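Here's the structure, in C-alpha cells; my notes come after.
We did not get these values from a lab; they are worked out from the coordinates using the rules stated. From a predicted model like this one, the values you see are computed outputs, not experimental measurements. Glycine gets a Cβ as well: all are built from the backbone with ideal geometry, and neighbour counts include every protein chain shown.
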Amino acid sequence: MRVLSRRAFLATAAGLGGLGLGGYAFAVEPGLRLRVQRYALTPPGWTPGFALRLVILADLHAGMPSMPMARVRRIIEVANVLEPDLILLLGDYSNTDRLLRIRADWSEVVPALMALKAPLGRYAILGNHEWWDDPRAQKERRGPTIAHRIFADTDIPLLENDAARLVKDGRPFWLLGLGDQLAFHIARRRQIGVDDLAGTLAKVTDDAPAILMAHEPDIFPRVPQRVSLTLSGHTHGGQVRMFGWSPVVPSEFGNRYAYGHVVEGGRHLIVSGGLGTVSAGLAPVRLGVPPEIVVVELGGEASADIS
C-alpha cells in the first residue's frame with residue numbers, strides 16, 4: 001500500500017476541500033439557501049413616527065440553473081409571509097446566458113410576480129438584462145422592450161424615470177423609479193443608459209419623503225439629500241464575498257457599493273445581494289452572499305434575520 005507524504009496528503013486534502021467548496025458555491029448556496037436580510041432605519045427627511053415595511057426582490061435571473069420557476073414561486077410565497085406594506089422589484093427578472101445557452105423568457109416570470117401581495121401594491125423597475133437581452137431594443141437603441149410590453153399586461157406598475165405618490169395611514173411618501181443606467185451596449189465594456197434622475201426628481205411635487213429605486217447603485221453619488229433612501233441591486237454582492245470584500249463587483253466603484261447599507265454624507269443606500277446568478281464576468285456561483293429577500297423597516301424596529 002502506497003503511503004502519501006505529508007505534502008501530498010495536504011495537497012490532496014486541499015484539492016478535495018476546493019472541490020467541496022466549489023460544489024457548495026455552484027449548487028447549495030445559490031439554489032438551496034434563502035436569507036431574509038433586514039434593515040431598520042429612520043433616514044433624514046423621513047416622517048417622524050411613520051412606520052413602513054418594504055420587501056425588496058432584486059435580480060431573480062429566472063431560468064438560470066439555480067432559479068427554476070418552482071424556486072421563483074417559493075420566493076414569492078416567502079415574500080408574502082413577511083407581510084409587507086409595499087413590495088419593490090428592482091429588475092433583472094429573467095436572463096439570457098450565452099455560456100449556458102439559456103434564453104430569457106419574461107412571459108413566464110413577470111406574470112408570476114402578480115402573486116405578490118401588499119396593501120400598497122407592488123412596483124417595478126427594469127434592470128440591464130431587460131435591455132441587453134432584447135436584440136431589437138439593442139439594435140434600435142430604444143424601447144419598449146419585451147419586458148415593457150409584458151409588464152403592461154400585468155397590474156404591476158413599471159416606473160421608468162417616473163414617480164408615484166403613495167399614502168399609508170394618512171401619511172404620504174413618494175416612490176421613484178429610475179431608468180436603467182446601462183441599457184445599451186455602444187462599445188466593448190461601455191454602455192449608455194435611459195436614466196433621467198433630474199427628470200424623475202422633477203415629478204415630486206411636495207415635501208413628502210421620497211424613496212428611489214435604481215437598479216445599479218452607481219447613481220448614488222448624484223442622488224440629492226431630498227431622497228430619503230435609495231434602493232439598488234445589480235451587484236449580487238459580487239456573488240463571492242468574504243470578510244466584507246468581493247473580488248469582482250460590476251460597478252465603477254468596486255466594493256464601495258457592492259452590498260449592504262451604505263451611508264455617505266447623510267444619504268442612505270441599501271444594496272441587495274439579489275436572488276439569482278449570472279455567468280458573464282462572474283461564475284454562476286454564490287459564496288458568502290446567499291440569495292436574499294430584503295426587508296427594510298422605515299421608522300420601525302427590525303426582527304432577527306431568517307436564513
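Rounded, prolate or oblate: which one fits the range 52-138, using the alpha carbon gyration tensor with axes a ≥ b ≥ c (rounded when a/c is under 1.5, else prolate when a/b beats b/c, else oblate)? Display every interim value, and only then the final one.
Numbers: a/c = 2.66, a/b = 1.71, b/c = 1.55.
Prolate, because a/c is 1.5 or more and a/b exceeds b/c.
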Original post:
Order of 66, 94 from fewest to most other C-beta atoms within 10 Å?
Top reply: 66, 94
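Tell me the relative contact order for the range 34-298 as a rounded percent, counting alpha carbon contacts under 8 Å between residues six or more apart.
Details: 629 pairs, mean separation 65.4, N = 265.
Reported as a whole number, the value is 25 percent.
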Original post:
Taking the Cα centre of the range 34-298 as the origin, how large is its charge dipole in debye, to the nearest 20, when only Lys and Arg (+1) and Asp and Glu (-1) carry charge on their Cβ atoms?
Top reply: 500 debye
Original post:
Summing +1 for each Lys or Arg and -1 for each Asp or Glu, what net charge is found among the other residues whose Cβ lies under 12 Å from the Cβ of residue 176?
Top reply: -1
Subject >> Vicinal HN-Hα couplings computed from phi for the range 162-178 (Karplus, 6.51 cos²θ - 1.76 cosθ + 1.60; Hz; Gly/Pro x) >> reply: 9, 9, 10, 9, 10, 9, 10, 6, x, 10, x, 8, 9, 10, 10, x, 8
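Can you pull out the chymotrypsin sites (Phe, Trp or Tyr not before Pro) in the range 183-290 whose DSSP state is coil and whose Cβ has at most 15 other Cβ atoms within 10 Å? Walk me through the numbers before you get to the answer.
On the way: sites: 184, 243, 245, 253, 257, 259; in loops: 243, 253, 259.
Passing sites in the range 183-290 are 243, 253.
What translational diffusion coefficient, in µm²/s and rounded to a whole number, does the Stokes-Einstein relation yield for the range 34-298 at 25 °C and a viscosity of 0.890 mPa s, taking the hydrodynamic radius as the Kirkwood radius over Cα pairs?
Numbers: Rh = 18.3 Å.
In µm²/s, the coefficient is 134.
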